[in-house]
1. Which listed residue (A:A273, A:A206, A:C294) has the Cα farthest towards the positive end of the charge dipole for chain A, taking +1 on Lys and Arg C-beta and -1 on Asp and Glu C-beta about the Cα centre?
2. Not counting ligands, DNA or RNA, and with a 1.4 Å probe, what is A:L192's accessible surface area in Å² rounded to the nearest 10?
3. Relative contact order of the range A:128-185, please, whole-number percent, based on alpha carbon pairs below 8 angstrom and at least 6 residues apart.
4. Run the numbers for A:E5 and A:E444: contour at 0.36 nm per residue of separation, minus the present Cα-Cα distance, in nm.
5. By average Cβ neighbour count within 10 Å, what is the ranking of A:48-54, A:197-203 from highest down?
6. With N residues in the range A:78-145, what two-decimal value do you get for its Cα radius of gyration over 2.2 N^0.38 Å?
7. Could you do me a favour and compute the accessible area per residue for the range A:78-224, 1.4 Å probe, result in Å²?
8. Which of A:Q480, A:P424, A:A464 sits closest to the plus end of the dipole of the range A:387-485, meaning its Cα is farthest towards the positive end, when Lys and Arg get +1 and Asp and Glu get -1 on the C-beta?
Amino acid sequence: MEENEYTQQRRRNLADIAALGFPSYPAGYRRTHSVSQIVTAYGAYPGDELEAAAVTVRVPGRIQAINLMGKAAFIRFTDGAAMLQAYLRKNDLPEQEWLLLKRLDLGDFIGVAGRLFRTKTGELSVHVEQLTFLTKAIIPPPDKHYGLHDIELRYRRRYADLIANCDVRAVFVKRAQIIQAIRRFFDARGYLEVETPMLHPIASGATARPFVTHHNALDMPLYARIAPELYLKRLIVGGFEKVYEINRNFRNEGLSTRHNPEFTMLEFYEAYATYEDLMTLTEELLTEVVAQTCASDTITYGEVTISFARPWRRLTMQEAIVAHWPTADPPTIAELDDLAGVNRALERLKLPMAPHLGYGQRLGELFEHVAEPNLIQPTFITRFPTELSPLARHADDNPNFVDRFELFIGGMECANAFTELNDPDEQRRRFEQQLAERARGDDEAMPLDEDFIRALAYGMPPTAGEGVGIDRLVMLLTNQRSIRDVILFPHLRPENATPEALPATAP
RNA sequence: GGGCCGUUAGCUCAGUCGGUAGAGCAACUGGCUUUUAACCAGUGGGUCGCAGGUUCGAGUCCUGCACGGCUCACCA
């Protein structure tokens, strides 16, 4: 920790406070109210009624401002959510407590006991009869007017960010409300919330590079999970018909405004449902979450306005490519049905493709470039190539496509769902195709999970499942452009990468 | 990994053509018994991210590095 003239001055103040006979870091404070409770209960109370009611309170908080005026003082303090003013007069306080006041600094915690009143300018205040010292802030808080703007400091010292910027606090309060609303939605529909392993012996269930660690006692590698999918489906095999899990996934890949190495995912599975049922369910889920956490069904995200009014647009991947083609002569859907046509389309847009990639990857690439950034209003994209979907059931009319959708909002992928593949033999063939791609050098192809195939062989009822990226949903509903602004402690490089500071390397 | 931009007091930011390092808030001293971005008078505070280079002289120009931001690539 850095020491400077400020910290030294504050340490002297703390020593002076101790010399006055106050405990330096006392335990607890018996309070009658929080600041927020007082402001909520009495904020609109007229002054004369307050006086008549003679409300006495004991309330703690962090000091935000001190106006010392000779023999009287005002202290504004906060519980993090609301602010309240204390009025102290030399005549009305024990001498020691008046001396204590002069050793208080911005950022300190105090408790005040006294009677509520309104000043002549009308501000609700506590007329303090007892001042209690609670905690010294050795490091001064950020500037009270300009806040903390330095983005790096805001992420590295989120505590200081939260002290200084109440809009940041509001984002994380809303994040909690969104997740609560999701839980209520699924609980009310008879879904069981479950917890499946975070450490997996095989990193499967998604196409992504994993983080690897080592279990010492078992002397084996373990992977931080990239997806809970295969475990949740094992639970469907086991007889739970509706399950959901909200938890972290870990992917060892690049960082960006939309990617953090650990991110929060909702996954849910419902027996006897199809991906079409889940489109309806997803509309219901998100409209309900928006209704409970936003002022209306229309939100502002950056430059755009997004309406969650149902029904939402539904397009096949091929239709989306045609609809958002950048020039006036898009390819036809029939043209996009085979490799040659997709190659012609890629060539027209001058999108280079690695030679080993097949039809599915190329169609997906075309979609990502042409359509994805333009899917601002909630849009379901259906009919994904089978090659891109090793865990999804094929469409009844064409085995080259699967019964799958992704939901796009604000140009971001927010959900991914499909009718689950429950044929163990077909699942094995799909895994083997992935292994072949892995052998060709695609280190993100999905590894084969033998026990998962065995589970399917016990019989998994027809099932549909879905994943929803919670961080991106929170970004949309709180109008934040970076995923780091909806994650309390986003990943950054260490600020001082000294060798001593790094943990010893595991053998 | 590439490109562009940034890093100056505790915080927010200026700093012109290369010529003694600036402001507001915060801090310190004094004054002030209903202030509210309190006010009045005064004072102190700098490894200009780090390391080199050019120059009589570098916050400013050049090179390298670190960290961060945006973006592209990668990646659901």
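The values are calculated or read from the model by the stated rules, or taken from the named source; none is laboratory data. Quantities reported herein were computed from a predicted structural model and do not represent experimental measurements. With ideal geometry, Cβ positions are generated from the backbone for all residues, glycine too; neighbour counts draw on all protein chains shown. The accessibility values were calculated without ligands, DNA or RNA, using every heavy atom of the protein model including side chains. Shrake-Rupley method; radii C 1.70, N 1.55, O 1.52, S 1.80 Å.
1. It is A:C294, whose Cα lies furthest towards the positive end.
2. Here the residue's solvent-accessible area equals roughly 80 Å².
3. In percent, rounded to a whole number, it is 24.
4. Values: separation 439, 0.36 × 439 = 158.04 nm, distance 5.30 nm.
Length difference between fully extended and current span is 152.7 nm.
5. With the highest mean Cβ count within 10 Å placed first, the list reads A:197-203, A:48-54.
6. Taking N as the residue count of the range A:78-145, the ratio is 1.16.
7. Computed with neighbouring chains in place, this is 51 Å² per residue.
8. A:Q480
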